[in-house]
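See structure below.
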Amino acid sequence: NIRLFSVQADLTSDVLSDAKGADWFQITSKNVGMTDTGLGLSAVGYVMATKIAAELDDVTIAIVDANYPGSIAKTWIDIDTYIEHFGENHTDVNTYKDYLAFYEKNGRCPTSTSELSTWIGKSYQRVVASCYDSMIAFFDGYSAKATIWYQGEGDLSRVSEYPAYFKALTDSFRK
């Protein structure tokens, strides 16, 4: 009774779009973590889901797998919450506005290094709200009973800033 909604990790396809390429899968111990099926649910996610399913008899558990390898916490925070926490004039907010201006002008996300380097240097997965806009925003209007944040090492160089990002991320997901 566990289902996985797997969101495609494509940050360059659209802004605030429907979930392109996303689909529902039934999760079993035989297909969890199998790359040939396209299911990438972590062991932590699977154990959590089976524990909740055992405690809540006859309730379908829905897991949303939205991840982007190498992304950092600030990319998962919606822009309004980011502004509430860090201010309208924060450099990241200006970068986000530049990104949206590029999108409106060109009808697509910037994809090449030269397009990105003028205002962010290296990659789109570093732009504030980029993962949120591309992989989370379409969930607006739905509710969830729990969220698990499984952070990798993308923020390792920003350890001192991480508590502030995590607070903003938590507030964003609660909204």
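The values are calculated or read from the model by the stated rules, or taken from the named source; none is laboratory data. Computed from a predicted model, the values in this text were never measured in an experiment. Heads up: the accessible areas ignore ligands, DNA and RNA and are worked out on the full protein's heavy atoms, side chains in. Shrake-Rupley method; radii C 1.70, N 1.55, O 1.52, S 1.80 Å.
The slack between residue 151 and residue 98, meaning 0.36 nm per residue of separation minus the straight C-alpha distance, is 16.4 nm.
Fully extending the segment from residue 55 to residue 175, taken as 0.36 nm per residue of separation minus the present Cα-Cα distance, adds 40.6 nm.
Of 30/167; 105/167; 97/175; 30/175; 74/145, which ones are farther than 29 Å apart at the Cα? Over 29 Å apart, Cα to Cα: 30/167; 105/167; 30/175. Across the protein chains, with a 1.4 Å probe defining accessible surface, the residues 64, 32 rank 64, 32 from largest area downward. Surface calculation, 1.4 Å probe, protein heavy atoms: residue 79 sits at approximately 30 Å² accessible.
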